[in-house]
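Colleague: This is the structure, below, for whatever I ask next.
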Amino acid sequence: MIKASVIGATGYAGAEVVRLLALHPEVELVYLTSQSYIGQQIDDVYPHLKGFVNNVLVEQETEKIAESSDVVFVALPHGHAVSTGEAVVKAGKKVIDLGADFRFRNALVYEQWYKVKHGAPALSETAVYGLPEINRERIRDAVVVGNPGCYPTSALLALYPLVKEKLIDPQSIIIDSKSGVSGAGRTPAIGSLYTEAAEGIKAYNVGRHRHTPEIEQELSIFAGESVYVSFTPHLTPMIRGILTTAYATLSDKAKSLNLNQYYREIYAREAFIRVHPEGVWPQTKWVLGTNLCDIGVAADPRTNRVVVTTVIDNLVKGAAGQAVQNMNIIFGLPEKTGLEVPPLYP
């Protein structure tokens, strides 16, 4: 059995890791930590876990946790995972960070956008960006995995096939994303109140969202050149889900391709990606509670642009589910282990 611990188990992402690991046939949950609920059972904090997980929440004693675990999931806000990562690596164990601390190859970019000094730039350089569909081979041998952000996951899976084969002008990319309120986390905030978020939709952090450089970093690797995108996120009055629509100008090379068939071929062996038939545009409800990413794609000959839509559950494929998928890869398990469930509907 893989001994797994979760640092920050009572945030939305951490609790989702716990939920998924509770029924994972190859995992034993060892330590679950919390700052606010030390000494309480997690199923008292999250009653939906009753009968599945009853671990007592403990304070974060990093060295003790690292010694007793094979893998440590860190579900803390950015700026808090570096010391934990260093301790886990020192103990010879694996760490999967659901925050931003190990997503960037260049720590200076992280510091510029997150306004926090990175405590271990060298460790960040060796971390593997944990998008399995793209970096699977590197993830297998990873010690530190920087789990991708939710918006970048949806955007990169949409654009990877196009950028990889130079089917678009990489400098023409526009990304429009809409996310449910759970993406803001569990900490109370006025903008997340029901009366503030319900029955409306709004753009936020336009031109300055922290996921922008993460998207650009990976697209630049795909393209072999520096790529800059226009990315605008929106808050929508739903609990879970992200819908991303990406637009770009098609290259001459793309004009002879059936893009829908091309996407089907690229993702044919991916367990969690479903490319829908031409003319079918996926909805967030179609992936609710799962590690799936549904894709719709079409060329617009009138404007010579491509339109790609992806939908994911921001807390699963956009966070906890992808983290478990990364764990499965690292430990040589089938990627679907513990994640093979149909979506909830309606």
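Throughout, read-outs are computed from the coordinates displayed, never taken from laboratory work. The shown structure was predicted, so the numbers you read here are calculated from the model rather than taken from an experiment. For neighbour counting, all protein chains shown are included, and Cβ atoms are generated from backbone atoms with ideal geometry for every residue, glycine included.
Yes/no matrix, rows are residues, columns are (1) buried (at least 18 other Cβ atoms within 10 Å of the Cβ); (2) part of a helix (DSSP H, G or I); (3) out of contact with any Leu (no Cβ under 7 Å at 6 or more places or on another chain):
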position	(1), (2), (3)
H48	no, yes, yes
I65	yes, yes, yes
L76	yes, no, yes
T84	yes, yes, yes
L108	no, yes, yes
K117	no, no, yes
E137	no, yes, yes
V145	yes, no, yes
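Colleague: Do the conditions hold for A299, that is, is it surrounded by 14 or more Cβ atoms within 10 Å (Cβ to Cβ) and more than 19 Å from the chain's Cα centre (by Cα)? Full working, then the answer.
Modeller: Values: surrounded by 14 or more Cβ atoms within 10 Å (Cβ to Cβ): yes; more than 19 Å from the chain's Cα centre (by Cα): yes.
Yes.
Colleague: Continuing with this model, one more query. Only one residue in T249, T245, T187 is of a type in the set (S, T, Y), within 28 Å of E16 (Cα to Cα) and either assigned to a loop (DSSP other than H, G, I, E, B) or in contact with a Lys or Arg (Cβ under 8 Å, 6 or more places away or on another chain) (or both), so which one is that?
Modeller: From the options T249, T245, T187, the qualifying one is T187.
Colleague: Can you tell me which residue is nearest to the chain's Cα centre (by Cα) among those in region 240-272 that are surrounded by fewer than 21 Cβ atoms within 10 Å (Cβ to Cβ) and among the β-branched types (V, I, T)?
Modeller: Out of the qualifying residues, it is T245.
Colleague: If you don't mind, there's one more thing I want to ask. Determine the pairs where a residue that is over 25 Å from G321 (Cβ atoms) and in contact (Cβ under 8 Å) with a residue 12 or more places away in the chain, located within region 114-140, has a partner that is surrounded by fewer than 18 Cβ atoms within 10 Å (Cβ to Cβ) and hydroxyl-bearing (S, T, Y) with Cβ atoms under 8 Å apart, the partner being 6 or more residues away or on another chain.
Modeller: Short answer, once both residue conditions are applied: G119/S83.
Colleague: If you take the residues in region 220-239 that are more than 29 Å from N106 (Cα to Cα) and β-branched (V, I, T), which one is nearest to the chain's Cα centre (by Cα)?
Modeller: Only one residue tops the list, namely I239.
Colleague: Restricting to region 23-46, name every residue that is buried (at least 18 other Cβ atoms within 10 Å of the Cβ) and small (G, A, S).
Modeller: Hit for region 23-46 is S34, nothing else.
Colleague: Can you tell me how many residues in region 147-178 are more than 18 Å from T232 (Cα to Cα) and either within 18 Å of the chain's Cα centre (by Cα) or not in a helix (DSSP H, G or I) (or both)?
Modeller: Step one: filter region 147-178 for residues more than 18 Å from T232 (Cα to Cα), giving 147, 160-169.
Then drop every residue that is not either within 18 Å of the chain's Cα centre (by Cα) or not in a helix (DSSP H, G or I) (or both), which leaves 147, 160, 165-169.
Here the count works out to 7.
Colleague: Could you look through region 311-340, keep only residues that are surrounded by 22 or more Cβ atoms within 10 Å (Cβ to Cβ) and of a type in the set (D, E, K, R), and pick out the one that is farthest from T153 (Cα to Cα)?
Modeller: The qualifying residue farthest from T153 (Cα to Cα) is D313.
Colleague: Among what's in region 147-201 and is under 29 Å from G85 (Cα atoms) and among the aliphatic types (A, V, I, L, M), pick the residue that is surrounded by the most Cβ atoms within 10 Å (Cβ to Cβ).
Modeller: A155
Colleague: Still on this structure: Please go through region 179-206 and pick out each residue that is under 17 Å from the mean Cα position of the chain (by Cα) and among the hydrophobic types (A, V, I, L, M, F, W, C).
Modeller: Listed by number, the residues that qualify are V181, A184.
Colleague: Separate question: Would you mind listing the strands (runs of 3 or more DSSP E) fully within region 254-346 where at least 2 residues are under 30 Å from L76 (Cβ atoms)? Give the derivation first.
Modeller: On the way: elements: 273-275, 293-300, 305-312.
The qualifying strands (runs of 3 or more DSSP E) are 293-300, 305-312.
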